[in-house]
Amino acid sequence: MREVHTKDVSTYSGGDLAANIDSFRRHLAAENLSPRTLKAYTEAAKLLDGFLADRGMPRNVANIRREHVEAFVAEQLERLKPATANNRHRSLRALFKWLEEEGELPNGNPMMKMKPPRVPEQPPDILREDELKA
């Protein structure tokens with residue numbers, strides 16, 4: 001019979017989200033991502049951290065759950081365009097994937113089965129005939 005190993009999460013410290021952001025940024029830089037991508041990913045992480053702090057939600061990465069991230073994305077959708085909320089969702093998905101790979105999420109990735117917000121398709125602008133001739 002195979003032995004199953006589980007982590008004792010009662011004493012797990014995992015670290016605050018804010019404490020992990022600089023390491024995440026270094027990881028992204030080591031992958032040679034563009035400065036714009038680095039900024040977008042770290043900005044999303046900082047916004048999530050602020051959101052959690054403002055609402056008294058857990059900031060320790062081991063205790064952040066799907067419902068916390070969903071509340072953040074829902075709040076983003078209320079204030080911003082769906083495409084922006086979708087970008088933040090993708091940025092956070094990368095963050096939590098990295099945290100999982102680093103062994104910081106003993107309870108698993110809270111975004112594992114989370115779907116991104118839908119972004120309605122925007123039809124392209126149609127040029128008038130006089131604009132085509134210009």
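Scanning the stretch 41-58 turns up no residue that is more than 15 Å from Leu17 (Cβ to Cβ) and either out of contact with any Ser or Thr (no Cβ under 8 Å at 6 or more places or on another chain) or of a type in the set (Phe, Trp, Tyr) (or both).
Within the stretch 74-104, the residues that satisfy the criterion of being within 14 Å of the chain's Cα centre (by Cα) and under 17 Å from Asn60 (Cα atoms) are Leu92, Arg93, Leu95, Phe96, Lys97, Trp98, Leu99, Glu100.
Only residues that are of a type in the set (S, T, N, Q) and in contact with a Lys or Arg (Cβ under 8 Å, 6 or more places away or on another chain): list them for the stretch 23-53, please.
Going residue by residue through the stretch 23-53, those that are of a type in the set (S, T, N, Q) are 23, 32, 34, 37, 42.
Listed by number, the list holds a single entry, Thr42.
What number of residues within the stretch 95-107 satisfy the criterion of being part of a helix (DSSP H, G or I) and surrounded by fewer than 21 Cβ atoms within 10 Å (Cβ to Cβ)?
4
I'd like to know if the stretch 34-42 contains one or more residues that are surrounded by 13 or more Cβ atoms within 10 Å (Cβ to Cβ) and within 24 Å of Lys113 (Cβ to Cβ). Scanning the stretch 34-42, I find at least one residue that is surrounded by 13 or more Cβ atoms within 10 Å (Cβ to Cβ) and within 24 Å of Lys113 (Cβ to Cβ), so the answer is yes.
Cβ separations smaller than 8 Å between residues 6+ apart or across chains give the following pairs from the stretch 67-95 residues that are over 14 Å from Leu52 (Cβ atoms) to residues that are hydroxyl-bearing (Ser, Thr, Tyr) and at pLDDT 95 or above: Ser91/Tyr41; Ala94/Tyr41. For the stretch 11-27, which positions are buried (at least 16 other Cβ atoms within 10 Å of the Cβ), over 22 Å from Glu70 (Cβ atoms) and without any contact (Cβ under 8 Å) to a residue 60 or more places away in the chain? If the condition is that a residue be buried (at least 16 other Cβ atoms within 10 Å of the Cβ), over 22 Å from Glu70 (Cβ atoms) and without any contact (Cβ under 8 Å) to a residue 60 or more places away in the chain, then Arg25 is the only one that fits. Is it true that Asp130 is part of a loop (DSSP other than H, G, I, E, B) and without any contact (Cβ under 8 Å) to a residue 24 or more places away in the chain? Considered against the rule, which asks whether it is part of a loop (DSSP other than H, G, I, E, B) and without any contact (Cβ under 8 Å) to a residue 24 or more places away in the chain, Asp130 comes out as no. Scoring Met57 on the criteria (1) among the aliphatic types (A, V, I, L, M); (2) touching a Gly at 6+ places or on another chain (Cβ under 7 Å); (3) surrounded by fewer than 19 Cβ atoms within 10 Å (Cβ to Cβ) leaves a single failure, condition (2).
The values are calculated or read from the model by the stated rules, or taken from the named source; none is laboratory data. Remember, predicted model here, so these are calculated numbers, not experimental data. When we count neighbours, we look across all protein chains shown, and the Cβ atoms used for this are built from the backbone with ideal geometry, even at glycine.
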